[in-house]
Structure formats: structure tokens, C-alpha cells
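Enquirer: My structure is below; once you've seen it, I'll send some questions.
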Amino acid sequence: MKKNHAFSLVELSIALIIVGLLVAATVSGKTLIKRTKLSSLITEVAELKTAIATFRLRYDQFPGDMSDAYDYWGVSAGCTNTTATTGGSTATTTETGCNGDGNNLIEWDSGEFYRSWQHLSLAKAIPGTYTGQKQSTSSPYCVIGTNCPTSSFHPLSQFMITSTQMYLAIRGMHLFFATSNASGTDNHPSKPVISPQDAHSIDQKIDNGKPATGEIEAANGWDINGTQVTGCTSINGTDIADTATYIKSDNTELCIMAFFLNDE
């Protein structure tokens, strides 16, 4: 008759230690991946800000808003020596103007808005080639790698250069960071891209850790139905007060971000 062999206390202890080590390794691995993503995003923002600052140092104008862009790249850009549309929501898919109007403003969904990445690319300030035109009369207006750049932080994340306030309290030229709709039906990136916890981490590392003041701002993004979500900051709305704080306990993607450029 066979006897059942029970595990000894030593064997059980060893098994529990192994399980504990595996759990710890998994948690540490996830933490490391998150830290790497955040570090990569910080690096990307720094590189884009440097590219824009270098462009301004050389041409004394913002990319997209540059009033004499045709003199430099007209032939290679395939555009004309005219001014691109400058008002908000005026861009077309047949935009031909190379130039901006030089007023230090880039309105959301204007011709300048899309020319900005093309100007940077033609100046060899950033890698890639961009059309400088709106991609569709309906949606999506921005297509990653075609007329808008992306970020490694999120497969649908996009950067935009604009002076339009959008959904934040920020005033002046900034890098706007958000995601587009996964279904591709969103006309502009305005969806949440990062959690309050991670947004605070980035803000704390390179600015003041406050979502409504300083060189970095954050606010609630918008869902696929066009409704603003809540939970990114302690004060909801589009023009949040200076006293707002990040809801650091939340690790859900709820925030959009802006990185200020005017002081570069």
C-alpha cells in the first residue's frame, strides 16, 4: 500500500518563497516598463522642444507660422508662395500656401497647423516627411506619420503645435499631447492619453507638479462621444483654477497635456 507523501514545512516555505519572488519580479517588471515609458515621453518632449527652439533661433519664427517658408522650401514642399489659412478650423485638403502669417499664433485646424510639422521636417529639425495638409474633410484630420507625428508612449498618441487654448488654461504656443479615437473617426486628437498619476510624475520631474500652472498643464480629455471626462484633476472643466491638483491615486488614462513653448 502506497503512502501519501506530505510536503514538509521546509518544502512549503521554499515554494512560497519562489512564488513570492515571481510575483515581485512581475511587479518590478511592470514598474520598470512604466518608468521607461515615462522617461521616453519626457525625452520626446525635450527633443521636440529643442527642435522648435532651434528652428526659431535660425528663422526667428515658429514652424507653420513662418511667413517666408516658400523662399526656403517652396519647390521641395510642392506649395505656392502664398499664405496658408490661419483661422481656426479653416484648413482644407487642397491647401497650397507654404507660408504662415508670422503673428506668433497657430490656430487649431488651420493651414499653419498642418504646415508646422512640414516646416520642421524640411528644416531637418525632426525626422520624417509630412504633407503639410489636412488629410480629410471629415475625419481623421491628422494621420500619424502622414501629417502629424506620434509618440512611443501610446500607439494613438499625437503631438500638435498650437496657440489655441483647446481644453486647458494655458495661453500661448504649446505642444498639445493627446490621443485620437481608436476607431479612426475622431477628427482631432482630444482623447485622454495619460493617467493623473503619470501626468503628475512627469510634471513633478520637469516642472512644478501642478496641472494649471507652470510650463506643463493638464486637464480632462474627451470621450468618443464628445463628452469631457472627469478625474484628471481636482477641479473639472476646461479653464481650471490655479489651485487644482492632480488626482494622484488614479492610474486611469484621463488626462490630456500641454507643454509650453513660448519661453524657449
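The values are calculated or read from the model by the stated rules, or taken from the named source; none is laboratory data. Only a predicted model underlies this, so the values are computations on that prediction, with no experimental measurement involved. Backbone-built Cβ (ideal geometry, glycine too); neighbour counts: all protein chains shown.
Enquirer: Considering region 92-142 alone, what residues qualify as being without any contact (Cβ under 8 Å) to a residue 24 or more places away in the chain and crowded, with 18+ Cβ neighbours inside 10 Å?
Expert: Correct list: 97, 121, 130, 131.
Results for (1) surrounded by 15 or more Cβ atoms within 10 Å (Cβ to Cβ); (2) closer than 15 Å to residue 165 by Cβ; (3) touching a Phe, Trp or Tyr at 6+ places or on another chain (Cβ under 7 Å); (4) basic (Lys, Arg), shown as yes or no for each residue.
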position	(1), (2), (3), (4)
219	yes, yes, yes, no
223	no, no, no, no
227	no, no, no, no
230	no, no, no, no
236	no, no, no, no
244	yes, no, no, no
248	yes, no, no, yes
251	no, no, no, no
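Enquirer: Just give me the residues in region 223-264 being closer than 22 Å to residue 106 by Cα and at pLDDT below 85, in sequence order.
Expert: 238, 239, 262, 263, 264
Enquirer: So, in region 143-183, exactly how many residues are in contact with an Asp or Glu (Cβ under 6 Å, 6 or more places away or on another chain) and at pLDDT 85 or above?
Expert: Qualifying residue count for the region: 1.
Enquirer: Of the residues 73, 108, which single one is within 21 Å of residue 258 (Cα to Cα) and out of contact with any Lys or Arg (no Cβ under 6 Å at 6 or more places or on another chain)?
Expert: 108
Enquirer: Taking region 59-71, which residues are part of a helix (DSSP H, G or I) and either buried (at least 16 other Cβ atoms within 10 Å of the Cβ) or under 25 Å from the mean Cα position of the chain (by Cα) (or both)?
Expert: Matches in region 59-71: 59, 69, 70.
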